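Remarks on the structure that follows.
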Amino acid sequence: NTFQTNGNDRAVTDIRLHRERGGKLHVIALIREKPEEAVAAMRPVAVSHHGEVTDALFRQQKMEDVREFTKRTRQTGVLVGVSTHKPEVIEYIEERGWDVDFYMGCAYNRTRTPEEIRKLLGQLPLPANELYLEKDPERMFSVMRQTRKTCFAFKILAAGRVAGSPESLDTAFQSAFAGIKPRDCVIVGVYPRFKNEIEENARRARTYGAAQPA
């Protein structure tokens, strides 16, 4: 019953049309700046600082900019979150006790710099703009389990790279729900032009989410 989107013009228009037609979906806004404008335009239940920006500011040692964003978001009255692709960002915020309600964590650390990739692998893959490593989800899910706050795991399908068959999709969903806390969630992108991916994802979420230990 919840849709996560950004604050661009298309998103704002789609949400308005959805509500005008009687739609009841809740909205989580993932934005880069100006949380007040996003809340006014989309009336979301929650606002999260965009992960690409979070990670860049983390590398630049400017996390106070992210914290200022969360403070401004808190003033709007909605739930406050921070998105990231790096488990260490969640650890950083937890250690400092920021006033946030939730985290959004990418299963795969795809914002590594070329220098970080070269240090990790000893070389650069081609192309080097995105790297998806099979052990990345374990690290992110481990950090999610350590915080009491609700976490949203996203890109659990590695941006479609592990979506080649029904079996691989089942495995990705099962691994994600087994790795996160019972109160956590997953965010999954869809392209329902050729089949009803929304229905399939909901079925997998019910199946593997229900199998979580209490």
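The values are calculated or read from the model by the stated rules, or taken from the named source; none is laboratory data. If you're wondering where the values come from, they're calculated on a predicted model, not measured in any experiment. Reconstructed Cβ throughout: ideal geometry from the backbone, glycine too, with neighbour counts over all protein chains shown. Each accessible area value is taken on the protein alone, full model and side chains, heavy atoms only, with ligands, DNA and RNA left out. Shrake-Rupley method; radii C 1.70, N 1.55, O 1.52, S 1.80 Å.
Here is how the numbers come out for the structure above:
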| read-out | value |
| --- | --- |
| Quarter of the Cα convex hull surface for region 54-175, i.e. its orientation-mean projected area (nm²) | 8.6 nm² |
| Under the Karplus curve 6.51 cos²θ - 1.76 cosθ + 1.60, θ = phi - 60°, whole-Hz ³J(HN,Hα) for region 13-22, x wherever Gly or Pro sits | 5, 4, 5, 4, 5, 4, 6, 4, 8, x |
| Given charges at Cβ of Lys, Arg, Asp, Glu: region 90-201 dipole, positive-most of Leu169, Val186, Leu126 | Leu126 |
| Longest segment of the chain lacking GluC sites (Glu not before Pro) that sit in a DSSP loop with at most 16 other Cβ atoms within 10 Å | 34-129 |
| Simple spin-label estimate for Gln123 and Asp99 in nanometres, 7 Å along Cα-Cβ | 5.1 nm |
| Accessible surface, region 27-129, averaged per residue in Å² (probe 1.4 Å) | 49 Å² |
| √(5λ) per eigenvalue of the Cα gyration tensor, region 149-214, largest first, Å | 20, 12, 11 |
| Separation of alpha-carbon centers, region 107-122 and region 161-201, rounded to whole Å | 25 Å |
| FRET E, pair Gln60, Lys135, Förster distance 22 Å, beta-carbon r, rounded to 0.05 | 0.25 |
| Quarter of the Cα convex hull surface for the chain, i.e. its orientation-mean projected area (nm²) | 12.9 nm² |
| Chain lengthening between Ser168 and Ala211 when straightened (0.36 nm per residue, less Cα-Cα) | 13.7 nm |
| FRET efficiency estimate (nearest 0.05) - Cβ-Cβ, Asn8 to Glu197, R0 25 angstrom | 0.70 |
| Two-decimal Rg/Rh across region 38-114, once Rg and the Kirkwood Rh are taken from alpha-carbon atoms | 0.97 |
| Cut-off 19 Å (backbone N to label point 7 Å along Cα→Cβ of Arg16), residues of region 39-77 | 39-45 |
| For region 113-183, convex hull volume per residue from C-alpha positions, Å³ | 106 Å³ |
